[in-house]
Ligand code: MN
């Protein structure tokens, strides 16, 4: 376990963190209306009368959103509640025309669950999920287009959300970051949320408190709203925890409060204290009946579940011989894992993993390409590794071949054939080059014979250079020593 303790001259402190994450559900239409959920359209084009809060309009629950929520719940290893219901959460906000949000309060669709996170020291930790409920998103207020007016875009109003609430199980910024990456990976595998934090389709509220190291008390927490990247979440925890410690050590008190994180400074500022906390006056939504799911329905979705990152990672470790670290890196992204599996089939999986995690990803980064656009196909990467394994080419030549593959997309076998890059393993041909090198460097030969035996490496280098990298290094090494020791 990775321990994170804040140590000052006055004492040691432990950090307690819980997260609430809003994930926009992937569905063609909104959760209670048939308006489109398309992101980036012109303002207010995807707004039905329901989304605009027109009097007398009735919400209709979108089946697809329910299905996506159940899938996500199963992905969180959570209990699916066969009975759930909707409530009105009342509050005034300019971009919410109804003045209430339809959400789930007393009975959420998903109950307790658990996610395993992988930490940098190679350990893992289970993080508890308290619940997940579904609700509608609000619209967006835009304050930076006019000096005296605010604008409202209701395209987002009514888009389906899944709100995932964790238990206060995090003890470090790293654990929270690892959790968000794992959660994002799971919803992307499932296709239930695109996980794009920068576009706001995944938003994180961060609850932070501290306590003296070793104690079990729970002190008042502060909550930072809508932090929009993994890095900022980690930064927000670190800075907020330090702020609490400083206040306590100076004899002050922390009151429960809501704060806003500022990415430009890494600090947060006060939004409201507990005494101004909302009274949401929740009551059951009269326009929607309770949501009741049958066992057959839930079992049907279970049967369609795909292999998720943890299961894939385990399989890559046990059946393909990868290290836990390599397997975790390759499985974070479904497309990467699938590419790897295709490339590694029938070849040395460990070598394929090494190539992917070094030269291959570096190439994609440099060309700013997604793996789906890669000029090097999975089959061709597998073939390249095979050429190295069979000693048809050396690792050094393979790098040159890979360069050509990245430029042309060609089959490595064809490149090696056409450019005559096959490794020379014919000892006769290699011996001839060695003889030449020995004959033209008498000084180094006598130095070697007089005890400077590390010059053998220099001879090997010369021979490989003269063979244009094609001489098999193992054979050269053996023959050079034999000849020098004669
Ligand atoms: Mn919410």
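Give the stretch 136-155 a look and list any residue that's buried (at least 23 other Cβ atoms within 10 Å of the Cβ) and either within 16 Å of the ligand (Cβ to nearest atom) or not assigned by TED's automatic domain parsing to the domain that holds residue 288 (or both), or say none.
136, 137, 139
Here are some residues: 114, 85. Which one is closer than 23 Å to residue 331 by Cα, touching a residue at least 24 places away in the same chain (Cβ under 8 Å) and surrounded by fewer than 22 Cβ atoms within 10 Å (Cβ to Cβ)?
114
Please work out which residue is nearest to the ligand (Cβ to nearest atom), limiting yourself to the stretch 8-44 and to residues that are out of contact with any strand residue (DSSP E or B) (no Cβ under 8 Å at 6 or more places or on another chain) and over 19 Å from residue 194 (Cα atoms).
The residue in question is 33.
It is to be established whether one or more residues within the stretch 417-425 are on the phi > 0 side of the Ramachandran plot and loosely packed, with under 14 Cβ neighbours inside 10 Å. Explain how you work it out, then say what you get.
Restricting attention to the stretch 417-425, the residues satisfying the condition of being on the phi > 0 side of the Ramachandran plot are 420.
Right, trim to loosely packed, with under 14 Cβ neighbours inside 10 Å and you get 420.
So far as the stretch 417-425 goes, yes, one or more of its residues are on the phi > 0 side of the Ramachandran plot and loosely packed, with under 14 Cβ neighbours inside 10 Å.
In the list 78, 94, 52, which residue meets the criterion of being in a loop (DSSP other than H, G, I, E, B), touching a residue at least 24 places away in the same chain (Cβ under 8 Å) and out of contact with any strand residue (DSSP E or B) (no Cβ under 7 Å at 6 or more places or on another chain)? Give the derivation first.
Numbers: 78 fails: out of contact with any strand residue (DSSP E or B) (no Cβ under 7 Å at 6 or more places or on another chain); 94 fails: out of contact with any strand residue (DSSP E or B) (no Cβ under 7 Å at 6 or more places or on another chain).
Of 78, 94, 52, the one residue that is in a loop (DSSP other than H, G, I, E, B), touching a residue at least 24 places away in the same chain (Cβ under 8 Å) and out of contact with any strand residue (DSSP E or B) (no Cβ under 7 Å at 6 or more places or on another chain) is 52.
So which residues in the stretch 254-286 are at pLDDT 95 or above and loosely packed, with under 13 Cβ neighbours inside 10 Å?
Residues satisfying the conditions are 283, 286.
Residue under question is residue 237, and the condition is that it be touching a helix residue (DSSP H, G or I) at 6+ places or on another chain (Cβ under 9 Å), modelled with pLDDT under 95, surrounded by 15 or more Cβ atoms within 10 Å (Cβ to Cβ) and at negative phi; does it hold?
Here the answer is no, as residue 237 does not meet what is asked.
Can you find a residue in the stretch 104-113 that is assigned to a strand (DSSP E or B) and either at pLDDT below 95 or within 15 Å of the ligand (Cβ to nearest atom) (or both)?
yes
Among residues belonging to the stretch 174-187 that are surrounded by fewer than 24 Cβ atoms within 10 Å (Cβ to Cβ) and farther than 13 Å from residue 76 by Cα, point out the one that is farthest from the ligand (Cβ to nearest atom).
Looking at residues that are surrounded by fewer than 24 Cβ atoms within 10 Å (Cβ to Cβ) and farther than 13 Å from residue 76 by Cα, I get 174.
Within the stretch 61-68, can one find any residue that is more than 16 Å from the ligand (Cβ to nearest atom), in contact (Cβ under 8 Å) with a residue 12 or more places away in the chain and part of a loop (DSSP other than H, G, I, E, B)?
Yes, that holds for at least one residue.
Within the stretch 261-277, does at least one residue satisfy the condition of being assigned to a loop (DSSP other than H, G, I, E, B) and closer than 21 Å to residue 105 by Cβ?
Checking the stretch 261-277: at least one residue is assigned to a loop (DSSP other than H, G, I, E, B) and closer than 21 Å to residue 105 by Cβ.
Look at the stretch 156-173 and say how many of its residues are within 16 Å of the ligand (Cβ to nearest atom) and over 28 Å from residue 59 (Cβ atoms).
Qualifying residue count for the region: 1.
Which of (1) at pLDDT 95 or above; (2) touching a helix residue (DSSP H, G or I) at 6+ places or on another chain (Cβ under 7 Å); (3) more than 16 Å from the ligand (Cβ to nearest atom) does residue 120 not meet, given it meets every other one?
(1)
The values are calculated or read from the model by the stated rules, or taken from the named source; none is laboratory data. Because the structure is predicted, anything quoted here is derived from the model rather than measured. Every residue, glycine among them, receives a Cβ derived from its backbone with ideal geometry; neighbour counts consider all protein chains shown.
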